[in-house]
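**Q** After the structure tokens below, expect a handful of questions from me.
The numbers here are math on the coordinates, done by the rules we state, and not lab data. If you're wondering where the values come from, they're calculated on a predicted model, not measured in any experiment. Glycine also receives a Cβ, built like all others from the backbone with ideal geometry; neighbour counts cover every protein chain displayed.
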Amino acid sequence: MTVMTKRYVQIMAVTALAFGLAACGKNDDSQTAGQKLDSAISQTKEAADSAGKKLEEGASQAGNATTNALDKAGDKISSAADSAGAKIEEGAAKAGQALDDAGITAAIKAELIKAPEVSALKVDVDTKGGVVTLSGTVPSEAVKNRAGDIAKGVKGVASVNNNLAVQAN
């Protein structure tokens, strides 16, 4: 029993006792002292029963309110968890894409290094969302096209923006 409930029961008991004593103080000369006492006890019992019923009703209402509040809190927690889960999945997808992009860039650079006609040090490779952008300078249109073809041949490449500038030595 909570402190609040005990306090409520005490208040109701004192109130019932006061009603009982007030009933004893009424002048009804036709009743004996024993009858007056019996009447006061009966009225006190009725007041205590009424207080008990009111207490039960209050406790029931408090229980229902608590259940409703817990249900609402549970719904909010569930919604927050769903939202957090979605954000985590989104973040993981972005991290995965960044790793994929870095892997694509590294693979293209490795292939460019293998091609003797392309100076890999002069070709900049940038990848975002599988879209590769080549920039820098190359000595001929043929080398520019070869670098673009190498980039297109790497797994995971969606498209290539070949921005290499042809600059004769």
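**Q** Just to be sure I understand the model, the point goes 7 Å from the Cα along the line to the Cβ. What's the resulting residue 68 to residue 82 distance in nm?
**A** Label-label distance for residue 68 and residue 82, simple model: 2.3 nm.
**Q** Among 66, 127, 133, what is the fewest-to-most ranking by other Cβ atoms within 10 Å? Walk me through the numbers before you get to the answer.
**A** Working: 66 10, 127 25, 133 16.
Going from sparsest to densest Cβ surroundings: 66, 133, 127.
**Q** Spin-label point model (7 Å from Cα, Cβ direction): what's the residue 142 to residue 31 distance in nm?
**A** A separation of 12.5 nm, rounded to one decimal place.
**Q** Calculate the spin-label point distance for residue 163 paired with residue 121, positioning each point 7 Å from the Cα along the beta-carbon direction, and give it in nanometres.
**A** Computed distance between label sites residue 121 and residue 163 equals 2.3 nm.
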